[in-house]
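Trainee: Handing you this structure, nothing more for now.
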Amino acid sequence: MIHVYKSKKIAKEATISFIGMGFGNAVRYLFTVVLARFVGIEYLGIYSLATSVTRIGEVIGIAGLQSGVMRYVSRLDKENEIDEIRQRVRSGLMLGLIFSIVTMILQLALSDWLAIEIFQGSELLKRVIVISAFSLPFATVMIISAFATQGYQLLKYKITVINIVRPTVMLLCTLLCLGIFSKDSAIIYPLFISAIVSALVSLLFLKKLVGIKLNEIFLGKIDKELLSFSYPLMFVAILGTLLHWMDIMMLGYFTDTTTVGLYHPATRTAGLMRTILLAFMGIFSPMMSDYHRKGKLDEMRKLYKLVDRWIISLSIPFAIIMIIYSKKIMLLFGGQYVSSANVLSLLVLAAFIQSFIGSSGPTLSMAGYPKINLINSIFVLMINVVLNYVWIPLFGINGAAYATLVSISFLAVIRLIEVRMIVKIQPFSIKMLKPVIAGGIMIVVLSLLKPIVMPMHTLTSLIIVSLVGLLSFFFMLWMLKFD
């Protein structure tokens, strides 16, 4: 087995990450509920489209540098090579600022074309895209700084900034805007203000851990080695972000902001599933990089299987609840969103598949094969675009959900095969049958419970379902002596 210390390290950091991400996703979810109920479907659609554009801008501005910085920091001696660590981090921050400012200017220049010509939107959509563009340099500094601290195999700083500070500031700004100003301001300013605050907090943490001050960001040099490793990851991240937001953008192109508004709560809810994957990847990636550097293939194999088994064990019960009780969950946003229940089921299934194979992508990157991830992302994005182009006009929001499910499934198969052939490891083991069996029992229990709880109030029924479902799943897992 993996050394006990390493197992405890994974469990501790993943727990910190899961709690922090759980809090952040809960706040973001509440943010979406507030927008859905108090600004309406059309405004939620406008916010969703503008956010999709800005998230792509963030990825371009960061240019994969966050993963490059994290990888090099994780490989350097934290006491004897501190000067090189600082130089790597300063280089990453300086390059990120340059790229993000260029991206910001590009988003500003294209705002009118995107809002009016592509999404057939209004002047309000253009305003949201413009104001959001100014958040890009701050978001870039925040993310690169946070990932630099992750290179120390510590997740608390990154989790605090990205999953506590930023979403909390966004929610508070939205509530303040709704209470004092207008509906327009509630979708225009929160993203921008939260980026500024979280960037400042992230830099304070970076100074505490690495000793880099704010004015030292501009002392970085052009690090060709860092760029060489990072730029393929930038394209992978761009393509991954495009894949994540493609359904939203193509719905905006083929339909209208109201349809996008109906779709957004379902994709936000399904996105909660990714919390489990991301919680483990924060510690998994630097450890895999360290094992690969030392040539410990056997340890990589054990870590890969262990983490995938934990991910699937935690993902199954939440996926079952969301799929069986999709209508109840969509009622949280209002009665008009129940029509998106089928979309939620499809997207949850896609998110579950993504969580199960999610460690394969970082495994390839940390083993030194980021370009393979790039090629994968290109092919899968092409498939996704074609499927959206064909299915959205035919099936509407369901077509977008089907396109996402098929694309993610195709990517899963490709990555599993590549990791097996290239890195010589695979995640499957007989122990994985235990959470699958426990999940089967949970499906039976919740199906029998459904006629009883469906007439109840939405919150009451979801609380009962969650408690009964989780207890039945983990009790069965305990009976099977899951290690």
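Trainee: Filter region 429-467 down to the residues that are surrounded by fewer than 16 Cβ atoms within 10 Å (Cβ to Cβ) and of a type in the set (D, E, K, R), then identify the one that is farthest from residue 269 (Cα to Cα).
Mentor: 431
Matching residues to (1) within 26 Å of residue 472 (Cα to Cα); (2) more than 18 Å from the chain's Cα centre (by Cα); (3) at pLDDT 80 or above:
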{"residue": "320", "(1), (2), (3)": "yes, yes, yes"}
{"residue": "338", "(1), (2), (3)": "no, yes, yes"}
{"residue": "349", "(1), (2), (3)": "yes, no, yes"}
{"residue": "409", "(1), (2), (3)": "no, no, yes"}
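Trainee: In a helix (DSSP H, G or I), more than 18 Å from residue 27 (Cβ to Cβ), open to solvent by 10 Å² or more (accessible area, probe 1.4 Å) and small (Gly, Ala, Ser), is that true of residue 115?
Mentor: So residue 115 does not fit the description; no.
Trainee: When residue 404 is evaluated against the numbered criteria (1) β-branched (Val, Ile, Thr); (2) more than 18 Å from residue 349 (Cα to Cα); (3) touching an Asp or Glu at 6+ places or on another chain (Cβ under 7 Å); (4) in contact (Cβ under 8 Å) with a residue 60 or more places away in the chain, which criterion, by number, is the only one it fails?
Mentor: It is condition (2) that residue 404 fails.
Trainee: Continuing with this model, one more query. What about residue 30, is it surrounded by 24 or more Cβ atoms within 10 Å (Cβ to Cβ), more than 14 Å from the chain's Cα centre (by Cα) and part of a helix (DSSP H, G or I)?
Mentor: no
Trainee: Among 388, 384, 373, which is the only one that is open to solvent by less than 20 Å² (accessible area, probe 1.4 Å), closer than 29 Å to residue 302 by Cα and either at pLDDT below 90 or touching a helix residue (DSSP H, G or I) at 6+ places or on another chain (Cβ under 8 Å) (or both)?
Mentor: Of 388, 384, 373, the one residue that is open to solvent by less than 20 Å² (accessible area, probe 1.4 Å), closer than 29 Å to residue 302 by Cα and either at pLDDT below 90 or touching a helix residue (DSSP H, G or I) at 6+ places or on another chain (Cβ under 8 Å) (or both) is 373.
Trainee: Quick one: is residue 142 under 20 Å from residue 59 (Cα atoms), under 22 Å from the mean Cα position of the chain (by Cα) and not β-branched (Val, Ile, Thr)?
Mentor: Criteria met by residue 142.
Trainee: Name the one entry in 143, 131, 101, 85 that is modelled with pLDDT of 80 or more and either out of contact with any helix residue (DSSP H, G or I) (no Cβ under 6 Å at 6 or more places or on another chain) or open to solvent by less than 40 Å² (accessible area, probe 1.4 Å) (or both).
Mentor: 143
Trainee: Something else about it: Regarding residue 341, is this residue farther than 26 Å from residue 303 by Cα and crowded, with 23+ Cβ neighbours inside 10 Å?
Mentor: no
Trainee: Can you go through 124, 172 and tell me which one is closer than 24 Å to residue 28 by Cα, free of Cβ contacts under 8 Å to residues at least 12 places away in the same chain and over 17 Å from the mean Cα position of the chain (by Cα)?
Mentor: 172
Trainee: While we're here: Being hydrophobic (A, V, I, L, M, F, W, C) and at pLDDT below 85 is the filter here, so list the residues in region 261-275 that pass it.
Mentor: 272, 273, listed by residue number.
Trainee: Looking at (1) open to solvent by 10 Å² or more (accessible area, probe 1.4 Å); (2) within 17 Å of residue 237 (Cβ to Cβ); (3) modelled with pLDDT of 85 or more, find the lone condition where residue 52 falls short.
Mentor: Only one criterion in (1) open to solvent by 10 Å² or more (accessible area, probe 1.4 Å); (2) within 17 Å of residue 237 (Cβ to Cβ); (3) modelled with pLDDT of 85 or more is unmet by residue 52, namely (1).
The values are calculated or read from the model by the stated rules, or taken from the named source; none is laboratory data. Since the model is a prediction, treat every value here as computed from it, not as a measurement. Heads up, the Cβs are rebuilt from the backbone with ideal geometry, glycines too, and the neighbour counts pull from every protein chain shown. What goes into the accessible areas is simple: the full protein's heavy atoms, side chains included, and nothing from ligands, DNA or RNA. Shrake-Rupley method; radii C 1.70, N 1.55, O 1.52, S 1.80 Å.
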